[in-house]
1. I need the calculated FRET efficiency for the pair Ser78 and Ser116, taking r as the beta carbon distance and R₀ as 35 Å, to the nearest 0.05.
2. Determine the gain in length on full extension of the stretch Leu59-Glu91; use 0.36 nm per residue of separation and subtract their C-alpha separation, reporting nm with one decimal.
3. What is the calculated FRET efficiency for Ala134 to Ala103, with r their C-beta to C-beta distance and R₀ = 30 Å, to the nearest 0.05?
4. Across the range 83-94, in residue order, what do the Karplus-derived ³J(HN,Hα) couplings come to in whole Hz, using 6.51 cos²θ - 1.76 cosθ + 1.60 with θ = phi - 60° and x for Gly and Pro?
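Quick note: the coordinates plus some simple rules give every number you see, no bench work behind them. Computed from a predicted model, the values in this text were never measured in an experiment. Here Cβ is always computed from backbone atoms with ideal geometry, including for glycine, and neighbour counts include all displayed protein chains.
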Amino acid sequence: MSELSEAPPTAAFQRRPQTLRNKLDVMVKEAAVLWWLVVLLCAAAGLVAGSDVTQPEQLWTHQGDDVTINCKHTKGSSYFYMYWFRQLRGEHMKLIVFTTVGADHDFGNSDTRKFSATKPNAESGTFTVKNLEAADEGLIFCAVSEHSDTNVGGG
């Protein structure tokens, strides 16, 4: 019995605490990567009542999945322009796509392999982020307008 307690630990035993710590670190990182939270920006004060433009407050999904966000409004059919914005952590807000019924969507410099959008009618639209990655975590929101007046969507 004293031989066991006096014997030096094996190399495997010596590595085990470090290996376990590394596995826990990886598990925590994978959990952060696997769950992607889309937190949608609330309406700016005074621009529009929250019930005029609506979209989900948050969405959870897995890395590698596609996520589609719905946006609806009750402003009327003359508000047929819809804009989708994204703000990544530590970055400025960026317009990803401008949509309107019956016309091609304008993605500007945004990657259409990563994003898609639909605009089936004046009162609704969708925005999809494809093949989610941890780097996609951020704020996404829609806005609608009639001519040049923009009304920001609230979650």
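1. 0.85
2. Here the segment from Leu59 to Glu91 would lengthen by 9.5 nm.
3. 0.35
4. 10, 10, 10, 9, 10, 7, 3, x, 10, 7, 5, 9
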